[in-house]
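To start, the structure under review is shown below, and the notes come after it.
The values are calculated or read from the model by the stated rules, or taken from the named source; none is laboratory data. Quick caveat: nothing in here was measured; it's all calculated off a predicted structure. Cβ atoms come from the backbone with ideal geometry, glycine included; neighbour counts cover every protein chain shown.
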Amino acid sequence: MRSHKSISTAVVATIVIVIIIIAAAGGYLYYQSTITKKPTTTTPPPPTTKTITIAPPNPNELVDLGTMGQIYAPDSLDPATGFYVVDEVVFTNVYQGLLTFNGSSVTQLVPVLAQSYTVQKNGTQYVFIMRPDTYFSNMHPINATTAWFSFYRTIIMGQGPAVANYYPYIATYYGSYFLPYGAPNAVQYAFHMSSTPNGTVTAEILSQVLSNFNVHNSTIMSLMTYPNQSIVLLNSSAIAFNLPFPYRYFPYILASGGWGALADPVFVDQHGGVQAGQANSYINTEGMVGSGPYMIETVGSELSSVTLVANPHYWAANAANVPAVLAPPKIDNIVIEFGASHSTRVADFDSGQATISDVAIPSLNSIYDGYQYKSYVPFSTIFYNAGIEPDVFYISMNNQVFPTNNTYFRLAVAYAINYSDIVHTLMTFNGTVLGVTYLGPIAPNLPFYNPDNLPQYTYNIPLAEHYINLSGWQEDFYVVLPNGTTLGNPSGKELPPLQLYTIAPVTPTTQTEFEIIQSGLSQIGISISLYPVTAAVTDSWYTPSGTPALVLLGWAPDWPDPIAQELMALTDPVYGGLSGDLAWFNNSQVNSILSWLPYSLNATQQEQGVAEIYNITYHQAPYAWLPNAETYWLQQPYLHGVVFNPFVGYRYNMMYYENYTVTVPVSSS
């Protein structure tokens, strides 16, 4: 309210003006001009908008709780051993190979530690010229001998990346050891042996050579330059890969996932060396020096976290004409929390402590509801959706152990899962389905997918009961249905409870998916429990007897070849275990087709071969194919430069911070 004094002053002023006007009409114009020159006070209208600036709490640090949707710990920090998608986020940023993918493109490659390559001898030889003036973070130089050492090291260690990526292109089995083609002959030549050593002797000699690597040793130089082997040192600046057949995807093998990374021989020699058929325990848990934009600074218990710091000696920082993906880091410190709980991933993102995070699709609304900047930042600004990746997810059913060795049992499992329920419960957000069902082994967004359009497995309990009954009679067991009915051989033993292995930690999504699977299997008398293990445990799954009967997992191709990297990897026993074929599927007809299928240059012939394999696997069900959710994560609005590639993940060195500014209305209250 206005005061009485204000009102009285206004009245008096009015009276004075009136008196003046009456007394001196002739002076009116003069008085009026005086009034217009007097200063006046104007009250501005209240603002209708205000500017909000959201800045990173620490411009030198990025905290990642999402790791591209993979929230379990890596199995290893050694690119010769680690074989999970989650490993890529470390491999891509710490280590480098000869080539890499260009940004988000899955078809275009760019040079890294090699400056160029040529294809020779009708597509069976690839010659790489090394980029000059490259070095590891410890300043040790990189050249063609480094590349020879690195590929030999990866191959003779014989872990998942070697078997899945290099067989049969540049390596094969000599007895029980995995070696480069021609390695026994190269050893015979270099060591002046009277006869060609067997695989065991060759592996032992190569272990000693690689564990005491000296490029000035004439014997080692003779070994590296021996021409009739798959990896040949041409000179200090050039290396050749000799393939037994033309394969146009070979450069993609070297570019994918960090598994073609070069290792420093000196560092390896100082930290356990190289043992044929074995992983390096030190590098598994601590990592090693790399040539990439970041270095590993600290590692949490059981690889639960990894902290990266900018490489102060990054060779590309001073190099000319390097691809954009090799840019020096703009954010100095990267903290990756692989095993953060759901509540941590929600709370830390909502409060701004985490830059990148991930929650299950059903929790997307809840994380946004608590987001501190919700009033200013639309959901679409912080939600990054990369779409469906060329991956497949499954329950693998070990064909070599009871009870999954029985085809009818596997078909019963395949028809007892409610796939539609999984999609609608776990992959639907605000009415939009963010996932797909499909029929493997090839992902639905890759060429040659399901050529004959075979129907997908569907939830069909009567059909599943039919198959479990047949299985029980064949394997001499019985099951009891929820209504008390007995199926199978009532004179046999009751089917014992089974364990479904999966990767720890068990997320709410995994738990819910398991419960849907468990409910379906219980309808046909199969009792299962979830058995989580760390990713590191799965590295030991290299024999049928050492692989669980049932595994809930997935497979991501290392390069964009649907036949060699999905169909073949998942159905050829050569890749048995973690190398791909967790079902230990071994079918002579399939094996015969795969002996030529990936290497044919006739697309029509390839499609026919794929169709044959699809029909065989469809009726033998080595896997129950689970729905594939889209890949997404949440990122703070001030984070920019995020480029995703399904074969290498994303690169922290391309990310940068820029304050997020938004203009919002001011409340009228």
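Anything in region 561-608 that is more than 22 Å from Thr407 (Cβ to Cβ) and of a type in the set (Gly, Ala, Ser)? List them, or say none. Answer for region 561-608, where residues must be more than 22 Å from Thr407 (Cβ to Cβ) and of a type in the set (Gly, Ala, Ser): Ala564, Ser579, Ser595, Ser600, Ala603. Apart from one condition, Thr617 fits all of (1) touching a Pro at 6+ places or on another chain (Cβ under 7 Å); (2) surrounded by fewer than 20 Cβ atoms within 10 Å (Cβ to Cβ); the exception is (2). Answer yes or no as to whether Phe402 is in contact (Cβ under 8 Å) with a residue 60 or more places away in the chain, surrounded by fewer than 17 Cβ atoms within 10 Å (Cβ to Cβ) and assigned to a loop (DSSP other than H, G, I, E, B). Yes, satisfied. If I filter region 574-620 down to residues being hydroxyl-bearing (Ser, Thr, Tyr) and outside any helix (DSSP H, G or I), which single residue comes out as nearest to Tyr467 (Cα to Cα)? So the residue we want is Ser595.
Going through Thr92, Thr100, Thr81 one at a time, which residue ends up being crowded, with 24+ Cβ neighbours inside 10 Å, in a strand (DSSP E or B) and not aliphatic (A, V, I, L, M)? It is Thr100. Checking each residue in region 543-566 for being in contact with a helix residue (DSSP H, G or I) (Cβ under 6 Å, 6 or more places away or on another chain) and either assigned to a helix (DSSP H, G or I) or over 28 Å from Thr509 (Cα atoms) (or both) picks out Ile563, Ala564. Within region 306-323, the set of residues being at pLDDT below 95 and either in contact with a Cys (Cβ under 9 Å, 6 or more places away or on another chain) or outside any loop (DSSP other than H, G, I, E, B) (or both) comprises Asn318 only. Within region 314-324, how many residues are touching a strand residue (DSSP E or B) at 6+ places or on another chain (Cβ under 7 Å) and surrounded by fewer than 22 Cβ atoms within 10 Å (Cβ to Cβ)? Here the count works out to 1.
Evaluation of Asn284 against the conditions (1) over 18 Å from Met654 (Cα atoms); (2) crowded, with 16+ Cβ neighbours inside 10 Å; (3) of a type outside the set (Lys, Arg); (4) outside the structural domain of Asn214 (by TED's automatic domain parsing) shows that the sole unmet condition is (4). Scanning region 445-473 for residues that are more than 16 Å from Gly520 (Cα to Cα) and of a type in the set (A, V, I, L, M, F, W, C) gives Leu446, Phe448, Leu454, Leu470, Trp473. The criterion of at least 2 residues that are closer than 17 Å to Asn93 by Cα and in contact with a strand residue (DSSP E or B) (Cβ under 6 Å, 6 or more places away or on another chain) is met, among helices (runs of 4 or more DSSP H) falling completely within region 225-289, by 250-255. Scanning region 371-384 for residues that are loosely packed, with under 13 Cβ neighbours inside 10 Å and in contact (Cβ under 8 Å) with a residue 24 or more places away in the chain gives a single hit, Ser375. Within region 621-643, the set of residues being crowded, with 18+ Cβ neighbours inside 10 Å and either in a strand (DSSP E or B) or without any contact (Cβ under 8 Å) to a residue 12 or more places away in the chain (or both) comprises Tyr623, Ala624, Trp625, Leu626, Asn628, Ala629, Thr631, Tyr632, Trp633, Leu634, Gln635, Leu639.
When Asp332, Asp350 are checked against the criterion of being out of contact with any strand residue (DSSP E or B) (no Cβ under 6 Å at 6 or more places or on another chain) and modelled with pLDDT of 95 or more, a single residue qualifies: Asp350. Within region 425-436, the residues that satisfy the criterion of being of a type in the set (A, V, I, L, M) and crowded, with 16+ Cβ neighbours inside 10 Å are Leu426, Met427, Leu434. Taking the listed residues Leu446, Leu470, Leu439, Leu454, the one that is among the aliphatic types (A, V, I, L, M), exposed (fewer than 15 other Cβ atoms within 10 Å of the Cβ) and not in a strand (DSSP E or B) is Leu454, with no other qualifying.
When residues in region 566-576 are screened for being surrounded by 22 or more Cβ atoms within 10 Å (Cβ to Cβ) and either β-branched (Val, Ile, Thr) or in contact (Cβ under 8 Å) with a residue 40 or more places away in the chain (or both), 5 of them pass. Within region 506-534, the residues that satisfy the criterion of being modelled with pLDDT under 95 and crowded, with 18+ Cβ neighbours inside 10 Å are Thr507, Thr509, Thr510, Thr534. Taking Tyr376, is it in contact with a His (Cβ under 9 Å, 6 or more places away or on another chain) and among the aromatic types (Phe, Trp, Tyr)? No, not satisfied.
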